[in-house]
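One structure is given below, encoded as structure tokens.
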Amino acid sequence: AADHGLPNGVENTEKVPLPLVINVFHSTKSLEPHLRNFISSHFSPSKPPVCIIFDVFLGWVDPVARSFGSTGIAFVTGGAYGYAAYISIWNELPHRNFDDDEDFPLPGFPENHRFRRSQFHRYLRAADGSDNWSLFFQPQLRLSMSCSGWLCNTVEEFEPLGLEILRNYVKVPVWAIGPLIPEPKSSSSRDKCIQWLNSQKPASVLYISFGSQNTISPIQMMELALGLELSKKPFVWVIRPPFGFDINGEIRPEWLPEGFQDRIMKNKQGMLVHKWAPQMEILAHESTGAFLTHCGWNSVLEGLREGVPLITWPLAAEQAYNSKMLVEEMGVALELTRGLEGELSKEEVKRVVELVLGGGEIKKKAVEVGKKLKEAVKVDDKLGFKGSSIKAMDDFIDRVVSGRLN
């Protein structure tokens, strides 16, 4: 770790401050000799691995796979639309030619799909091709685009446009094999969150979580709390310290309105959960009516699978492009704000929360998407039915085993 400017013992981005995240990414390239040694030790030259599946950001693996006579396959943990946008932007850096308030098209996207610099993370807004982030992402993504195929954690019926854009851009086969998320477990009556939800009306509760590695600014946290209280809507909030503080630390009273936690507990309006909650079980609970999310792809899939409409607050990576698709293309979400710099008022929080928890068309569309996500991984031997993602996985295995991808 020290060789890459990282604290001793660091193996992932979980406890690394944001400026050092790119160091973790660059450090992954040092794994190449270890991967080569592993393959040489476990496979004979006459029987190499049938294929090697690697994360799309580890494009260096594809030349390694080819050198052993194997087939390299990139795996996309996110959605097709979001990753197509992410790859196009990093590859081409089109935003360098536009001002902050200008809409512009992305290479590979239909002309009417316009983007803004404000949708980009600040490191991407500053990228010019010679910065540390560009020097990692551009070669790795281009190497991944030259591999034999991509596996994508999405569903054909859910993202037809995104998959069309991604396939046209990378120009290799793309199999939609999602949603790659486990089924929710039976809710334990002993869990405090579930006990609290059991006391609420159906589809009345807002669930709030920004994932395990994201948080919001102190000012935003204060306004969000004020808006929630103003809305009088019940909520479960998985809360972590704001940006600039240890994300795994304790919550300080000054980050929330004075007496906030005591009031919401006394009025039975809300529940603050520190660090972790049983997210899938909460989303599957009949009392959950909306999900305020950072738009990490697993969270998006987990919420929509249960037919829960989303309130989006994208914070990093491809999350802003996920939000754009969910709001503009699918109508299953409303965007509250964006990033750590996004403006937020308690009045806007109240308005959006009330709107999404009100149900109507946004709820109807979320339920329709949920059915598609569940159907994609369904198998019924009696009826001879296989969902689209099961069929895609069968096709991928058939083609890679038969050698038709080399």
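What follows draws every value from the coordinates through simple rules; no lab data is involved. Keep in mind that what you see is a predicted model, and the values were worked out from it rather than measured. Glycine gets a Cβ as well: all are built from the backbone with ideal geometry, and neighbour counts include every protein chain shown.
Among [x] 23.8; [y] 24.5; [z] 22.7, which is the computed Kirkwood radius over Cα pairs in Å? This structure yields the entry labelled [z].
Using DSSP, restrict attention to beta bridges with both residues in the stretch 43-176 and report what percent are antiparallel, rounded to the nearest 5.
20
The H on the amide N of Asp55, modeled in the peptide plane, is under 5 Å from the matching H of Phe75, each at least 5 residues off or on a different chain.
Put simply, the stretch 192-373 fits an ellipsoid with semi-axes of 23, 19, 15 Å; these come from the alpha carbon gyration tensor as the roots of five times its eigenvalues, largest first.
Close amide H contacts of Ser217 (hydrogens built in the peptide plane, cut-off under 5 Å, sequence separation of 5 or more or a different chain): Phe243.
If neighbour count is taken as other Cβ atoms inside 10 Å, put Glu341, Glu32 in order from fewest to most.
So the ranking, lowest neighbour count to highest, is Glu341, Glu32.
For the stretch 219-310, the alpha-carbon coordinates run over 37, 30, 19 Å along the three principal axes, in decreasing order.
Determine the dipole magnitude for the stretch 45-174: charges of +1 sit on the beta-carbon of Lys and Arg, -1 on that of Asp and Glu, nothing else is charged, the reference point is the Cα centre, and the result goes in debye to the nearest 20.
Using only the charged Cβ atoms, the result is roughly 540 debye.
Taking Cβ atoms as reference points and 14 Å as the exclusive limit, the residues near Ser118 contribute a net charge of -1, counting Lys and Arg as +1 and Asp and Glu as -1.
Over the chain, Cα pairs under 8 Å with separation of 6+ residues give a relative contact order of 15 percent.
Against the chain, whose longest principal axis comes from its Cα atoms, helix 132-145 is set at around 60 degrees. If you take the square roots of the eigenvalues of the alpha-carbon gyration tensor of the stretch 305-352 and sort them as a ≥ b ≥ c, do you get rounded (a/c under 1.5), prolate (a/b over b/c) or oblate? Here the stretch 305-352 falls in the oblate category. Protection proxy ranking, highest mean first, for peptides 297-309, 354-366: 297-309, 354-366, where packing is the per-residue count of other beta-carbon atoms within 10 Å, averaged. Which of rounded, prolate, oblate describes the stretch 1-134, given a ≥ b ≥ c as roots of the alpha-carbon gyration tensor eigenvalues and a/c under 1.5 marking rounded, otherwise prolate only if a/b is larger than b/c? Oblate is the answer for the stretch 1-134, as a/c is 1.5 or above yet b/c matches or exceeds a/b.
Phi angles across the stretch 253-269 convert, under the Karplus curve 6.51 cos²θ - 1.76 cosθ + 1.60 with θ = phi - 60°, into 3J(HN,Hα) values of x, 6, 7, 10, x, 4, x, 4, 5, 5, 5, 5, 6, 5, 7, 6, 7 Hz, Gly and Pro given as x. What does the net charge come to around Phe75 if you take all other residues with beta carbon closer than 14 Å to its beta carbon, with K and R at +1 and D and E at -1? Within the 14 Å Cβ shell, the charges total -2.
Ordering Leu334, Leu230, Leu166 from the fewest to the most neighbouring beta carbons within 10 Å gives Leu230, Leu334, Leu166.
Taking the helices alone, the chain has a mean residue ellipticity at 222 nm of -11500 deg cm²/dmol, built from -39,500 (n - 2.57) per DSSP H run of at least 4 residues and averaged over all its residues.
Residues whose amide H falls under 5 Å from that of Phe235, counting only those 5 or more places apart or on a different chain, are Leu206, Gly270, Met271, with hydrogens built in the peptide plane.
Packing around the peptides 105-111, 151-157, 57-63, taken as the average count of other Cβ atoms within 10 Å per residue, puts them in this order, highest first: 151-157, 57-63, 105-111.
The order of Glu183, Glu281, going from fewest to most other C-beta atoms within 10 Å of their C-beta, is Glu183, Glu281. With the charge dipole of the chain set up from +1 on Lys and Arg Cβ and -1 on Asp and Glu Cβ about the Cα centre, the Cα lying farthest toward the positive end among the listed residues Cys51, Ile362, Ser67 is that of Cys51. When peptides 374-380, 81-87 are ranked by their average number of other Cβ atoms within 10 Å per residue, the highest-first order is 81-87, 374-380.
Please give the charge dipole size of the chain, origin at the Cα centre, charges +1 on K and R Cβ atoms and -1 on D and E Cβ atoms. Round to the nearest 20 debye.
Magnitude of the dipole: close to 880 debye.
Using the Karplus relation 6.51 cos²θ - 1.76 cosθ + 1.60 with θ = phi - 60°, the per-residue 3J(HN,Hα) values for the stretch 272-283 come to 9, 10, 8, 6, 8, 9, x, 4, 5, 6, 5, 5 Hz, with x marking Gly and Pro. Evaluating 6.51 cos²θ - 1.76 cosθ + 1.60 at θ = phi - 60° for every residue in the stretch 374-382, the Karplus couplings come out as 6, 5, 5, 10, 8, 10, 10, 5, 5 Hz, glycine and proline recorded as x.
Considering the options His113, Gly129, Asn97, tell which one lies farthest towards the positive end of the dipole of the chain, charges being +1 on Lys and Arg and -1 on Asp and Glu at the Cβ, about the Cα centre. Farthest along the dipole direction, towards plus: His113. The residues packed around Pro234, meaning those with a beta-carbon under 10 Å from its beta-carbon, carry a net charge of +4 if Lys and Arg are +1 and Asp and Glu are -1.
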